[in-house]
Amino acid sequence: MKKETRLILALDVTSGERALSLAASLRPYFDAIKIGYPLILAAGLGVVKEIASIAPVIADLKVADIPNTNRLICQAAFKAGASGVIAQAFPGKDSLLACAESAAENGADLYVVTEMSHPGAELFMAPQAERMARLAVEVGAAGVVAPATRPERIRLIRSIIGERTIISPGVGAQGGSAGAALQAGADYIIVGRSIYGAEDPEGAAERLLSSI
């Protein structure tokens with residue numbers, strides 16, 4: 001990804017037509033677009049290629065299976081046009097390595113979840129976040145996912161992963177602060193509902209960009 005606006009749009013709508021319209025109109029404000037199961041299951045895997053023609057796509061599939069299945073999922077996403085995939089670390093090193101190898105083979109990026117942005121992540125994920133961050137480094141991932149809702153966690157993860165990229169969800173509807181996340185060490189902010197759900201999505205994106 002080019003680091004221009006430092007914003008990533010989480011496009012969790014369930015209409016392919018609306019997704020493409022939003023992607024086109026909001027492209028100037030975002031460096032990449034993250035799409036996941038809501039849109040892919042509703043519109044089909046082909047929507048990845050369509051959106052990738054507008055902006056770089058990160059497939060947020062939270063890949064979490066045995067190595068062979070992980071490899072097949074990643075290959076499908078990259079073949080469809082994604083330039084990055086998000087995977088979970090908790091299935092273990094061999095499973096995560098399969099994702100990393102697939103990304104390398106396709107000239108794409110792997111982002112590893114260390115800790116999600118919702119409150120429930122503090123129960124099981126937060127206590128293991130440091131181990132998962134180290135695992136991301138071990139497999140050669142391009143970067144990790146760390147929560148904008150807890151900037152202190154971003155600082156901790158940054159101290160472990162060094163110069164690797166941190167993409168940080170939870171800004172807007174979940175209450176995270178874009179400025180605080182960036183100051184804590186995030187490279188990119190992920191924002192969704194507060195933009196695509198706004199009466200004026202372009203205006204909301206402009207205000208967010210101005211604020212950082």
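Residue-by-condition table, conditions (1) small (Gly, Ala, Ser); (2) within 22 Å of VAL47 (Cβ to Cβ):
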position: ALA103; (1), (2): yes, yes
position: GLY107; (1), (2): yes, yes
position: TYR111; (1), (2): no, yes
position: GLY120; (1), (2): yes, no
position: GLY140; (1), (2): yes, no
position: GLY162; (1), (2): yes, no
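Which of the residues spanning segment 154-212 are part of a loop (DSSP other than H, G, I, E, B), in contact (Cβ under 8 Å) with a residue 40 or more places away in the chain and surrounded by 16 or more Cβ atoms within 10 Å (Cβ to Cβ)?
Answer for segment 154-212, where residues must be part of a loop (DSSP other than H, G, I, E, B), in contact (Cβ under 8 Å) with a residue 40 or more places away in the chain and surrounded by 16 or more Cβ atoms within 10 Å (Cβ to Cβ): GLN174, ALA186, ASP187, GLY192.
Please go through (1) buried (at least 20 other Cβ atoms within 10 Å of the Cβ); (2) of a type in the set (Gly, Ala, Ser); (3) over 22 Å from ARG193 (Cα atoms) for ALA43 and return the number of the only condition it doesn't satisfy.
So the condition that ALA43 fails would be (3).
Among the residues of segment 52-79, which ones are over 17 Å from the mean Cα position of the chain (by Cα), closer than 15 Å to ASP109 by Cα and of a type in the set (A, V, I, L, M)?
ALA76
Could you tell me whether LYS49 is charged (D, E, K, R) and more than 18 Å from the chain's Cα centre (by Cα)?
When the stated conditions are applied, LYS49 does not pass them.
Among the listed residues ASP94, ASP12, ASP109, identify the single one that is surrounded by fewer than 17 Cβ atoms within 10 Å (Cβ to Cβ) and charged (D, E, K, R).
ASP94
Please give the strands (runs of 3 or more DSSP E) falling wholly within segment 4-108 in which 3 or more residues are aliphatic (A, V, I, L, M) and touching a Gly at 6+ places or on another chain (Cβ under 8 Å).
Filter on segment 4-108 gives 57-63.
Name the residue that is surrounded by the fewest Cβ atoms within 10 Å (Cβ to Cβ), counting only residues in segment 46-57 that are of a type in the set (A, V, I, L, M) and farther than 16 Å from ILE86 by Cβ.
It comes out as ILE54.
If GLU130 satisfies every condition in (1) in a helix (DSSP H, G or I); (2) over 25 Å from VAL191 (Cα atoms) but one, which is the exception?
(2)
Computed from the coordinates by the stated procedures, all read-outs in this text should not be read as laboratory data. Keep in mind that what you see is a predicted model, and the values were worked out from it rather than measured. We place every Cβ from the backbone using ideal geometry, glycine too, and count neighbours over all the protein chains shown.
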